[in-house]
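Report on the following structure.
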Amino acid sequence: MYKMNSSNVPNYLQSLLPATVGSFSNYSLRNSSHLQTIQARTSLYSNSFLPSTVCEWNNLPDEIKNAESINSFKSQINIDRQTPNPLFTYGERRFQMLHTRLRTKCSALNEHLFRRNIVASPLCLCGLHETTSHYFLECTRYVHIRGEFLNSISAYSVPCIETILYGDNTCDYLTNTKIADAVHTFIIKSKRFDS
Ligand SMILES: [Zn+2]
């Protein structure tokens, strides 16, 4: 994405990128360096590379987006993330990606799609805001799988949203992979991101 935005790629690739918000406005907007959110008609498309990457790109600070070179960009990304959490690459690729999108608020939950102007309402089918906490901890649509989910996590840690998304930094890696397994099992059984 950095390479695409800094003209380091052939025209055909660069032309795939949406224009910045600022290029359509004479006013100095807070988000003028943001790329326009790609309108995705289905959550399947919104999960594909370009729309979800534009979402993650827009969440980066301007200093990082405007880095002078690809090496400086990469090192700033790494500084920003401190040491990369090995948990983020644990498990099957599909569940790693879904887990990451929930962390970065770029998932197909209605609250996340609404923030990106993809759906008209942030509400869940149950009528409440479909946030990440709502999905994992509150929604009555998943009450049949939640007991087992919370029990699995409680065996190792407090089952709060921080632990569900990032693991528990007071636990060792092996324990955290058990927590991640429980989260991935909940995601599978909920069928919420099946297309
Ligand atoms: Zn709900």
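What follows draws every value from the coordinates through simple rules; no lab data is involved. Given the structure is predicted, the values throughout are model-derived calculations rather than measurements. When we count neighbours, we look across all protein chains shown, and the Cβ atoms used for this are built from the backbone with ideal geometry, even at glycine.
Observations, loosely collected:
- Table column - 3J(HN,Hα) (Hz), the stretch 153-169, Karplus curve with 6.51, -1.76, 1.60, x for Gly and Pro: 6, 4, 5, 10, 7, 7, x, 9, 5, 4, 5, 4, 7, 10, x, 10, 6
- Measuring against 29 Å, Cα to Cα, the residue pairs Lys65/Lys178; Lys74/Lys191; Lys74/Lys105; Lys65/Lys105; Lys105/Lys189 contain Lys65/Lys178; Lys74/Lys191 as the ones spanning a longer distance.
- Between the amide H of Leu123 and those of Glu130, distances stay under 5 Å, these residues lying 5 or more places away or on another chain, with hydrogens modeled in the peptide plane.
- Inter-probe distance in nm under a simple model that places probes 7 Å from Cα toward Cβ, at Cys160 and Glu68: 4.2
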